[in-house]
Structures are given as C-alpha cells and as structure tokens.
Amino acid sequence: MSDLIIWTYDWVPQGPRGFVRDLRLRWACEEAGLAYAVRTVPFDGRQTNHLQHQPFGQVPFLSDGDLDIFESGAGLLHLARKSEKLMPRDPDGEAQTVQWMIAALNTIEMVSVPWWFLEVSGAKDNGLAGWMKSRLDQLEKVLSEREWLAADRFTSADLLMADVLRVSKVRALGDRPATETYVTRVTDRPSFKKARADQLAHFAAADESRSAAG
Ligand SMILES: N[C@@H](CCC(=O)N[C@@H](CS)C(=O)NCC(=O)O)C(=O)O
C-alpha cells in the first residue's frame, strides 16, 4: 500500500468538479510516477468534521506516513521534493520553481479567486477587474518570451500556474495568445488528463452511491 494519501471530499456539487484542488496533487503524483491512494472526508459537515487535518475545513490535504500537510501548494512542494521531474535539484532551478509556484498562488490566484467569486455572484461592476487584467497582462509578457516558467522545462510551477489559469472565466477575460497556448500546452499533458478524469470519475461514483442510498 502507498504511504501517500490524497484527501478530498466524498462528494461535491457539479460546479467545482474537475477543479477541486486535489487535482493538483493527483496530477503531480502522476507526473512523478509516485504511487498514491485517494481517501475522503464528508462534504456534509465539512466546516467541522476534519479540522484536525485542515483547520479551515477544506480539501485537499496530503498524508505521507505520519506527516499530514494541508494547503495544496504545500502538498505540491512536498511532492516536488520527492521527484526531480517536478522540481530540478540544482539550487537555481529549485529556486526558480519555488518562486513561480508562490507567484501562481500569491500573485495570480490571490487575485483570480476573489475576482471569480465576484463574477459568479453577478456583481455588476467587478472592482477587481483592473487588478486581474493587469496581472494577466504582465504574465502574458512573460509567457510570450518562454515556454516554461522555470528551468527551461516543465516543473511543478507550470502545473500550479496552469491550474490557476485554466478556469474558463479567467481564460475568457481578454485575448492573451501566449497564455492560452501555455495553458493548452500544460493541460495537454497525459498526467493532467488522467488526474482530471480520475477526479470526475470519483465524484460520478459518489453520485451513484448517494442515489443508491436514497
Ligand atoms: N488555499 C487552499 C484552498 C483550498 C480550497 O479552496 N479548497 C476548496 C476545494 S478546491 C474547498 O475545500 N472548498 C470548500 C470550502 O471552502 O468550504 C489550498 O490551496 O489548499
């Protein structure tokens, strides 16, 4: 049995399927060829039922033997340390990878998530639109000059950045050809496709057991 366990919800509504962040960890394990199992905590009662593992009641979290790690970025970094396929071992390549992983979370997703929430809540004037566009424009310039974010090859930084950018509303906000080509390039990888298909199958199976339970 594998020591690596990726924890996600037992079920989620249709909307977030294919985007629940356990996908980042599944994808990383697939890229690195690391064996893993997926286990669940109940979606119902999530605010309180697994706070000892994830203090905000969210998923994912990762177990590796006795170690429990919450935050998808921290879990990804833990996996990246296990495999050179995800993060180069030389100090420069490692520093570049970590830097861009943090940029995906703390420079792009930090804006994209609140911007997206305002969009889907039907806000007439999304006050974060200017901020969002300028971050995406700056990233577009970077991506028009290179194929990968760090070390001239695919790393966990690309995995994370592409996962943040692939949200359809984010992709639709303006015309950024280099970003679009980048997201397509990264999400065309077989490991992403497998991770996404596995997540969709996981929640589809949950629908069946829910309806069987009546
Ligand atoms: N910063 C956290 C965010 C985790 C997060 O937003 N998880 C979502 C699923 S992708 C969740 O658990 N949502 C349910 C909730 O917040 O109640 C991470 O990257 O792990």
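The values are calculated or read from the model by the stated rules, or taken from the named source; none is laboratory data. Model, not experiment: these values are computed from the prediction. As a convention, Cβ positions derive from the backbone with ideal geometry for all residues, glycine included, and neighbour counts pool all protein chains shown.
Points worth noting:
- For THR8, the conditions (1) in a strand (DSSP E or B); (2) more than 10 Å from the ligand (Cβ to nearest atom) are fulfilled apart from (2).
Conditions (1) under 17 Å from GLN199 (Cα atoms); (2) in contact (Cβ under 8 Å) with a residue 40 or more places away in the chain, marked per residue:
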| site | (1), (2) |
| --- | --- |
| PHE19 | yes, yes |
| GLU31 | yes, yes |
| GLY45 | no, no |
| HIS53 | no, yes |
| ALA74 | no, no |
| LYS82 | no, yes |
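- Filter result for the condition that a residue is outside the structural domain of VAL167 (by TED's automatic domain parsing), surrounded by 14 or more Cβ atoms within 10 Å (Cβ to Cβ) and under 15 Å from the mean Cα position of the chain (by Cα), over SER63, SER72: SER72
- Selected residue (only one of SER121, SER156, SER83, SER134 is of a type in the set (Gly, Ala, Ser) and crowded, with 22+ Cβ neighbours inside 10 Å): SER156
One line per residue, one yes/no per condition, for (1) of a type in the set (Asp, Glu); (2) on the phi > 0 side of the Ramachandran plot; (3) in contact with a helix residue (DSSP H, G or I) (Cβ under 7 Å, 6 or more places away or on another chain):
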residue: LEU105; (1), (2), (3): no, no, yes
residue: GLU109; (1), (2), (3): yes, no, yes
residue: SER121; (1), (2), (3): no, no, no
residue: GLY130; (1), (2), (3): no, no, no
residue: GLU145; (1), (2), (3): yes, no, no
residue: MET161; (1), (2), (3): no, no, yes
residue: LYS169; (1), (2), (3): no, no, yes
residue: ALA213; (1), (2), (3): no, no, no
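- Subset of segment 159-214 [buried (at least 20 other Cβ atoms within 10 Å of the Cβ) and without any contact (Cβ under 8 Å) to a residue 40 or more places away in the chain]: ALA162, TYR182, VAL183, VAL186
- When ASP152, ASP163 are screened for being in a loop (DSSP other than H, G, I, E, B) and among the charged types (D, E, K, R), only ASP152 passes.
- Some residue of segment 187-199 being among the hydrophobic types (A, V, I, L, M, F, W, C), in contact with a helix residue (DSSP H, G or I) (Cβ under 6 Å, 6 or more places away or on another chain) and within 30 Å of PHE43 (Cα to Cα): yes
- Flag if GLY122 is more than 14 Å from the ligand (Cβ to nearest atom) and at pLDDT below 95: yes
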